[in-house]
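Here is the structure we will look at.
The values are calculated or read from the model by the stated rules, or taken from the named source; none is laboratory data. All values reported here derive from a predicted model rather than from experimental measurement. Here Cβ is always computed from backbone atoms with ideal geometry, including for glycine, and neighbour counts include all displayed protein chains.
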Amino acid sequence: MTGVRLTAVVTGEVQGVGFRYRTRQQAEQLGLVGSATNRSDGSVLVVAAGPQSSVDQLLKWLQSGDTPGWVENVEAEMHDDGAGLVGFVTD
């Protein structure tokens, strides 16, 4: 898959509230591949790749306040290469 890749660290109350699973649902609805992984500091790492417009929609959703739990901050980086990912997994 080519396109763009989003790498985002989401902080707040995002573990134990269904955040990763809803993120996966949103990503799959948008046709994205990647992962949502809990980190030891309580944040969630979201990596998603696909068409620019779909990745932008996922980022907007992450920042919207419509996610499970409570998002305090989203630190996001966008890269031009979306290759190398298959499916969307939650770890």
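For region 7-58, filtering for residues that are closer than 17 Å to Asp81 by Cβ, surrounded by fewer than 17 Cβ atoms within 10 Å (Cβ to Cβ) and under 10 Å from the mean Cα position of the chain (by Cα) leaves 1. Entry remark, region 1-40: residues being touching a strand residue (DSSP E or B) at 6+ places or on another chain (Cβ under 8 Å) and without any contact (Cβ under 8 Å) to a residue 24 or more places away in the chain number 1 in total.
Residues in region 60-82 that are in contact (Cβ under 8 Å) with a residue 12 or more places away in the chain, under 19 Å from Gly42 (Cβ atoms) and loosely packed, with under 14 Cβ neighbours inside 10 Å: 4 in all. Would you say Val86 is among the aliphatic types (A, V, I, L, M) and modelled with pLDDT of 90 or more? It is false that Val86 is among the aliphatic types (A, V, I, L, M) and modelled with pLDDT of 90 or more.
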